[in-house]
Amino acid sequence: MLVNKQDALSVNHMHLIKKNEYDILKQYKKDFIENGISPLGRPNIRDDIAIAWIYCRSLGLYPSDAISCSTMTPHKPSHTELLNVAKPLISAFSELAAMLAAAEHGKILNYSLYLFDEENLLLFYDGNSQLTSLPCTDNEVVTGLGAEKFFGGTANNLTLYFQKPIQIVGPEHYLDCLNQYIGAAAPLSYGNGKLAGILMILLETPDHSWGQETHPLQRNTFTWVSTLADVLSQRLKSRKDHVLLKTSWDFMDEGMLIIDKEGRILHLNNQAALILEKSADELCASNLASYMRTDSLFIRMVLAGENFNYLEDILLTPSGKKSYLFSTRTTYDHNEIIGALIRISNINKLKRFVANQNSSIIRFSFDDIIGESDVMKTTKNVAKLFANSNENILLIGESGTGKEMFAQSIHGESRPNKPFIALNCAALPRNLIESELFGYEGGSFTGAERSGRVGKIELADNGTLFLDEIGDMPPEIQAVFLRVLEDKAVMRIGGRAYKPVNFRLIAATNRDLTALIADRQFRADLYYRLSSLIINIPPLCKRKTDILLLVEYLINEYCKKTNKAVPRMATEARETLLSYTWPGNIRELEKAIAHAVITSQNEVISPENLPEYIRNACLPPRTRSGEGAALPPPPGFMTLEEMEDLQIQRALEQCGRNVIKAAALLGISKSALYAKLKKK
C-alpha cells in the first residue's frame with residue numbers, strides 16, 4: 001500500500017520537524033503536483049511520507065481538497081465492546097490533552113480525537129476543532145471515513161499499514177488543510193495480535209508556527225496517543241480475558257469454587273451451584289463447611305492448606321447426602337494461606353472415565369472366532385444365545401482355547417459401549433487380589449494411596465467383569481466376592497458403606513472346579529453362582545477339521561505383520577500338524593506357525609520348519625521285522641514314556657514349577673502328577 005513492510009522497522013515513526021523544513025516540504029509537494037518531480041529520495045522527507053503522497057495522488061486527490069463526510073451506516077455489534085471501553089477514557093483523556101497543550105503554550109489548542117475500527121472506519125469522534133463536522137452518534141459510523149481517499153494518508157492510515165504508532169507533522173500531511181496540525185495514531189489490540197481499532201489525535205499548532213518551540217508539543221502528542229492506546233489495549237484484553245474466563249468457568253461440567261482461608265465461598269461457577277442445589281447469591285459468603293459433615297476429612301485438609309486430588313467425601317444438599325470427589329489447590333500470598341481453588345467432580349462421571357481408561361480393548365467378536373467344525377459352530381451359537389441374557393457365564397476350557405476371545409465377543413454382543421474390566425486371578429499375589437477387586441479407602445493400609453482407589457468391581461459397573469482363572473481365587477476372597485454377587489453391592493477395604501453395582505460376570509477356568517470343591521479349595525455356593533450358564537470350549541484336538549483353517553489364517557496374519565511373502569504349506573507339513581495332539585491348543589499353534597514362517601525358505605513350509613518337539617512327537621511308531629525282532633528306532637524317535645516326560649517338563653516350566661497349575665494344564669489330577677513325578 002504505502003511502503004514495503006520489510007522496511008517497516010527502518011521507518012522513523014516520530015519526527016520532530018525543524019523550522020526550515022516547513023517551506024522545504026511545501027516546495028517538494030508543489031514540485032510533485034505541478035511538475036511531477038517525485039519526492040522519493042529527496043532530503044528532509046521520510047520515504048513513507050513520500051510514498052503516501054504518491055499513493056494519494058494515484059487516488060485522484062489534490063492537496064487543495066477538503067475533508068468531507070461519507071454515508072452513515074449502523075456500526076457492527078462487535079464494536080460495542082470497543083466503544084464501551086474506549087469512549088469514557090477518550091473523553092477523560094481529551095481534557096488532559098488540552099490541559100497539557102495549554103500548559104505548554106498558555107492557551108487551549110484545537111484538537112480532534114478519532115476512534116477507528118479494525119477496518120479504519122470511524123466509530124467515535126471528540127474534540128473542539130472545527131476541522132470536521134461529524135454527525136456521529138453512539139449507533140452510527142461514517143463508512144469510509146479514515147480511508148486514504150478521505151483523510152489523504154494521515155497517521156491512522158499509516159498505523160493501519162504498519163500496525164505501530166505513527167506521527168505525521170505539519171506539511172508532511174498531503175492535504176494542505178492539515179499543514180498546521182500534528183497527527184499521531186496508535187493501534188489498539190486485544191492482546192492476541194489481532195487489531196481492535198486505531199486511536200488518532202489531530203492537534204493544531206499555536207499561531208501556525210513551526211520550530212524548536214513546538215518540539216515538546218510534538219513529543220507530548222505522540223506520547224499521549226501511544227500511552228492511551230496501551231491503556232485501552234490493556235482494558236480490552238482484561239475485559240476479553242474476563243469474558244473468556246467466565247465463559248470457560250461456566251462451561252466446565254465440574255463444580256468450581258474459590259474459598260478464603262476461613263472456608264467462605266468467594267466465587268463459584270454454575271455447575272457448583274447446581275451441585276449444592278442453591279443459587280449463586282445464596283452460596284456466596286456462606287461457609288463451605290456448612291454443606292459438609294462435621295467430621296469431614298476434606299474440610300480438615302483444605303483448611304490446613306493441603307493439596308490433593310479426587311478425595312471422596314459427602315455433601316449435604318437439600319435433596320440428601322451425596323458422594324463427590326474433591327480436588328484442591330491452596331493459594332498463598334507471601335507464604336500465608338489466603339484461600340483455595342476447589343474442584344467438585346461427579347463420582348459416577350469419574351468412574352466411567354477411569355473405567356474407560358482401565359477397560360480392556362475389545363479386539364474380538366464372534367466373527368473373529370475361526371472354526372467350521374460342528375462342535376465349534378455349536379459352541380459359538382450357545383455363546384450368542386447366552387450373550388443376550390444377564391446371567392453369569394462360566395467359560396471352561398484348556399489353556400489356549402480362546403476363553404478371553406469368547407468373553408470379549410459376549411461382551412461386545414450384549415454391552416458394546418460399556419466397560420470391559422478383566423482380571424487374572426492367578427497373575428496377582430494373594431494380598432493384592434482383594435484390593436484390586438474391591439478397591440480401598442485412602443490410608444486403609446500401609447502403602448495405600450492417600451485418595452484411595454476404585455476397585456475392578458466398581459469400574460465394571462453397568463459393564464462386564466471378566467475374571468480369568470477364577471479357580472485360583474483365594475478361598476478367603478471367594479466368600480467376600482460371593483456376597484457381592486448376592487447383594488449387588490461392594491464395600492471398599494476400609495470403607496464404611498456399601499455401593500450398589502450392576503455388572504455382568506464372565507468367569508473362566510482351565511481347572512476342574514468340582515474337583516477343587518471336593519478338595520475344599522473352591523466354595524460350592526460360589527460355583528453355583530458362577531455356573532448359571534456354562535460354555536465348554538473344545539480343545540483343538542477335538543476340532544481337527546479347524547486346524548488347517550486356523551493355520552492358513554495365522555500364516556496370513558503373521559506375514560501381514562512382518563511384511564513377509566506368504567509361504568505355501570507342504571503336504572507333509574500339513575499332515576504333521578494334523579497328527580499332533582496340540583496340548584497348548586491355539587496358543588501353541590500360533591507359536592508353531594510363527595516359528596515355521598520365520599524359518600521357511602523358498603516360500604514353502606516343510607516339516608523341517610516346524611518346531612522340533614512337534615516333529616519328534618509325530619514320528620511313525622516302531623515297526624518289527626518279519627521274525628519279530630524290533631528294528632532300531634529312527635533318529636530323534638521318542639517312546640511314549642519319553643513323550644510323557646517331555647510334556648510334563650514343558651507343563652512345569654510353563655507354570656513356573658507350580659504342580660497344581662501344571663496338572664490342570666495336562667488335564668490330570670494333582671495327585672496323579674505327583675505320582676508320575678515320584679517314578680522318575
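List of remarks:
- Those aspartates and glutamates that a straight Cα-Cα span of less than 13 Å connects to K676, excepting residues fewer than 8 apart in one chain: E641, E642, E644, D645
- For region 399-530, the gyration tensor built on C-alpha atoms gives an oblate shape. Its axis ratio a/c (a ≥ b ≥ c) is at least 1.5, and a/b is not larger than b/c.
- Other residues within the sphere of radius under 12 Å centred on the Cβ of K380, judged by their own Cβ, net out at -3 (K and R +1, D and E -1).
- Relative protection proxy for 586-592, 409-415, from highest mean packing down: 409-415, 586-592 (other beta-carbon atoms within 10 angstrom).
- Sorted ascending by nearby beta carbons within 10 Å, beginning with the fewest, Y528, Y111 become Y528, Y111.
- Exposure proxy ranking, count of Cβ atoms within 10 Å, fewest first, for S444, S319, S91: S319, S91, S444
- Dmax and Rg, reported as Rg then Dmax, of region 252-351 (C-alpha, Å): 12.5, 41
- Among residues other than P474 with Cβ under 10 Å from its Cβ, the summed charge is -2 (Lys and Arg +1, Asp and Glu -1).
- Efficiency of FRET from Cβ geometry, S323 and Q654, R₀ 45 Å, rounded to 0.05: 0.50
- Exposure proxy order (Cβ contacts within 10 Å, fewest to most) of T401, T379, T317: T317, T379, T401
- Label-to-label distance, nm, for residues given as Q601 and E486 (7 Å Cα→Cβ offset): 6.7
- R0 of 41 Å, Cβ-Cβ distance E81-E436: FRET efficiency to nearest 0.05: 0.15
- FRET E, pair N44, R219, Förster distance 30 Å, beta-carbon r, rounded to 0.05: 0.95
- Remark on G455: its backbone amide H falls under 5 Å from those of G439, Y440, a criterion applied only to residues 5 or more positions apart or on other chains, H modelled at 1.01 Å from N.
Values in this text are rule-based calculations from the coordinates and carry no lab data. Keep in mind the model is a prediction, meaning the values are calculated, not measured. Reconstructed Cβ throughout: ideal geometry from the backbone, glycine too, with neighbour counts over all protein chains shown.
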